[in-house]
Amino acid sequence: MYPDIDSTLFPFSNGWFRSFLSRYKISLRSITNKAQKLPADYQILILNWLRFNRRNSQPRPANFWEVAVDHPVGRYELANICNLDETPIPFEYLQGKTYNKEGEKTVRVKETRSGWDKRQATLVLCIFADGIPRVPPMVIFHGTGVRLQAERRRYDRDVLVEFNPTAYMNDRLFTRYVSQYLIPVLEGRPTLFALDLMGSHKTPAVLNLLHQNNITPSLIPGGCTGLVQPLDVSVNKPFKELMRDLTDERIFQLESVAEFEKWMVGDRRVMTTECVGDAFRQFHQEKGEVIRRSFRKVGLSLPIDGCLDHELAIKGFKNLEIGDWREESGSQDERAEVGNDADSDIELVHT
């Protein structure tokens, strides 16, 4: 509005901005509203899950003293406690809120290309309790991926890219993901693998593969992932916010070039892999402590003697205690018993 005035003369501040919004009757308006309720009986499901993890973390008789002395968190090293999750990512980040005049019933926002806020890919992240990145992030796009050799050469070298008709993790892809990318970094050591109840995570082929490689699947009870899954609790939201910021910066840089004409789908896929790769590297470098703390908050990497159980910080529950891991709260599937020498058996809970 005032291009001829020295910009340094205007100290833009939060106080000025609040006054500006008040003066012109502008407020931060929600485009959508969401509500969630935490059922009280989730405590039983979560306690069973916590005790399942604590029970399977106990040292085996053959090497009890070796593990008890060297690994206070149990027989799983921090490098072998991991969590995997799939989350949708759009081509266009419309934040759900924008500044607009008060009283107006319709709140609109401009998008780069029609429908791109709904055109989603799936982002697959696997994090470890020590905060060290070992498995690259994966992005699953819509389509077949054929005849895209030139485009594939432009993808970020640290991002795995897959295509399928649903842009979603399926049985075959998950089996290949575990075989090719997860198992090699575990180095044959006992592993605690926390993941949700998605169908592709618990097929007979996957469970057999995990059993053969000394991996204990810790299946999070249905409806509880937002409470006890490290990625959902502390990582997914700030990671996607970082991705959104990097995407906005990249769009601004590209659209500022004089020869830029319009976005093609392939260009957007390339940019998505670049932003995922940059966010993954930056998040682990700057937010490694957030990852480590998230595993402790949900009890996955706390000492097995219970001395630090006060660090449990599960949303909606105060003073939650794991208690005796030998006891059950009575809601687990009676057919799923975990033996003293078996890692791979799964304890299911009714939802």
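The values are calculated or read from the model by the stated rules, or taken from the named source; none is laboratory data. Quantities reported herein were computed from a predicted structural model and do not represent experimental measurements. Using ideal geometry, Cβ is built from the backbone for each residue, glycine included, and neighbour counts are taken over all protein chains shown. Note: accessible area is taken over every heavy atom of the protein model, side chains too, but ligands, DNA and RNA are not part of it. Shrake-Rupley method; radii C 1.70, N 1.55, O 1.52, S 1.80 Å.
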- Query: Can residue 225 be described as among the β-branched types (Val, Ile, Thr), under 22 Å from residue 291 (Cα atoms), open to solvent by 10 Å² or more (accessible area, probe 1.4 Å) and in contact with a helix residue (DSSP H, G or I) (Cβ under 9 Å, 6 or more places away or on another chain)?
  - Reply: yes
- In segment 1-23, what residues are surrounded by 10 or more Cβ atoms within 10 Å (Cβ to Cβ) and without any contact (Cβ under 8 Å) to a residue 40 or more places away in the chain? 10, 16, 17, 18, 19, 20, 22
- If we keep only residues of segment 291-323 that are more than 20 Å from residue 76 (Cβ to Cβ) and either without any contact (Cβ under 8 Å) to a residue 60 or more places away in the chain or among the acidic types (Asp, Glu) (or both), then the residue least open to solvent (accessible area, probe 1.4 Å) is 313
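Evaluate segment 33-44: report whether one residue or more is modelled with pLDDT of 75 or more and not in a helix (DSSP H, G or I).
no
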- residue 209, sole failed condition from (1) part of a helix (DSSP H, G or I); (2) at pLDDT below 95: (2)
- Which residue, of 216, 272, 247, is more than 26 Å from residue 194 (Cβ to Cβ), surrounded by 14 or more Cβ atoms within 10 Å (Cβ to Cβ), of a type in the set (S, T, N, Q) and over 18 Å from the mean Cα position of the chain (by Cα)? 247
- Message: Would you confirm whether or not segment 224-231 contains a residue that is under 25 Å from residue 180 (Cβ atoms), of a type outside the set (Ser, Thr, Tyr) and part of a helix (DSSP H, G or I)?
- Response: yes
- Kindly indicate whether any position in segment 203-212 is within 20 Å of the chain's Cα centre (by Cα) and either surrounded by 16 or more Cβ atoms within 10 Å (Cβ to Cβ) or without any contact (Cβ under 8 Å) to a residue 24 or more places away in the chain (or both). no
- Message: Name the residue that is modelled with the lowest pLDDT, counting only residues in segment 80-98 that are polar (S, T, N, Q) and in contact with a Lys or Arg (Cβ under 8 Å, 6 or more places away or on another chain).
- Response: 95
- If you check 192, 242, which single one turns out to be crowded, with 17+ Cβ neighbours inside 10 Å, touching a Ser or Thr at 6+ places or on another chain (Cβ under 9 Å) and not in a loop (DSSP other than H, G, I, E, B)? 192
- Would you mention how many residues in segment 147-165 are free of Cβ contacts under 8 Å to residues at least 12 places away in the same chain and either of a type in the set (A, V, I, L, M, F, W, C) or part of a loop (DSSP other than H, G, I, E, B) (or both)? 3
- Can you pull out the residues in segment 173-189 that are among the polar types (S, T, N, Q) and surrounded by fewer than 16 Cβ atoms within 10 Å (Cβ to Cβ)? 179, 180
